[in-house]
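Data first, discussion second: the structure below is written as structure tokens.
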Amino acid sequence: MSKISSSIVEVCVFKKENSQVKYLLLHRTADEKVYPNLWQFITGSIEGNEKAKEAAIRELAEETGLKPESLWVVPYVLSFYNVEWDSVNLCPFFAVKVDSDSSIQISDEHDDFGWFSYDEAIQKLVWPSWREGLRIVNEYITRDRDSHTDIHRIF
């Protein structure tokens, strides 16, 4: 029987450049055991007694070398089935704004990255839950609706 797990976080990173919002996606290498060759958000495991928001910040640094300017908890839980672990994963979802001049150093599990417009990013994301998560971030957080975004803003 499949199990349900909540040991993975997902992080949607964005920056604003000349009033345009760009979203960061990472491309998984071809030799990754789980879901090779996919464009994805920052994704990683929650370690030990770590809180999900701590894992999100750590994974951001590990996978890109970036530091968050602002962090939000997105009012959405991503989900996917992992064949390797035979588990349904429910993933806390975060949005991170970074400085537009930040440089990126991707980890070994990725072979490429890109900053994409909303429309471009939607086309690259294959999982429906990723596309829905991006839609929520785009509508709810990146449009500077302070009365809405402050509720879920961590810093």
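For this structure, a couple of remarks:
- Screening segment 83-103 for residues that are of a type outside the set (A, V, I, L, M, F, W, C) and touching a strand residue (DSSP E or B) at 6+ places or on another chain (Cβ under 6 Å) and picking the one that is farthest from Ile136 (Cα to Cα) gives Ser87.
- Single unsatisfied condition, Glu109 versus (1) surrounded by 15 or more Cβ atoms within 10 Å (Cβ to Cβ); (2) at positive phi; (3) not small (Gly, Ala, Ser): (2)
- Segment 28-82, subset among the β-branched types (Val, Ile, Thr) and under 13 Å from the mean Cα position of the chain (by Cα), residue nearest to Arg135 (Cα to Cα): Val74
- Cβ-Cβ contacts under 7 Å between residues 6 or more apart (or on different chains), taken from a first residue in segment 20-32 that is farther than 12 Å from Thr43 by Cα and modelled with pLDDT under 90 to a second residue that is not hydroxyl-bearing (Ser, Thr, Tyr) and not in a strand (DSSP E or B), are listed as Ala30/Pro36; Ala30/Asn37; Glu32/Glu109.
- Those residues of segment 106-141 which are over 20 Å from Ile8 (Cβ atoms), modelled with pLDDT of 95 or more and part of a loop (DSSP other than H, G, I, E, B), in sequence order: Ser117
- Hey, Phe80 at pLDDT 95 or above, aromatic (Phe, Trp, Tyr) and not in a loop (DSSP other than H, G, I, E, B) or not: no
- Scanning segment 121-130 for residues that are free of Cβ contacts under 8 Å to residues at least 24 places away in the same chain and of a type outside the set (Val, Ile, Thr) turns up Gln123, Pro128.
- Residue within segment 71-79 that is free of Cβ contacts under 8 Å to residues at least 24 places away in the same chain, under 20 Å from Ala121 (Cα atoms) and of a type in the set (Phe, Trp, Tyr) present: no
- Any hit, segment 140-152, residues being among the β-branched types (Val, Ile, Thr), under 16 Å from the mean Cα position of the chain (by Cα) and farther than 30 Å from Asp31 by Cβ: yes
- Only one of Tyr76, Tyr35 that is surrounded by fewer than 21 Cβ atoms within 10 Å (Cβ to Cβ) and within 17 Å of Asp108 (Cβ to Cβ): Tyr35
- Options Glu59, Glu54, Glu47, Glu10: the member that is crowded, with 18+ Cβ neighbours inside 10 Å, of a type outside the set (A, V, I, L, M, F, W, C) and not in a strand (DSSP E or B): Glu59
- Within segment 83-98, considering residues that are within 14 Å of Tyr23 (Cα to Cα) and either at pLDDT below 95 or not in a loop (DSSP other than H, G, I, E, B) (or both), the one farthest from the chain's Cα centre (by Cα): Lys97
The values are calculated or read from the model by the stated rules, or taken from the named source; none is laboratory data. Just so it is clear, the model here is predicted, and its values are computed rather than measured. Note that we place each Cβ from the backbone using ideal geometry, even for glycine, and neighbour counts take in every protein chain shown.
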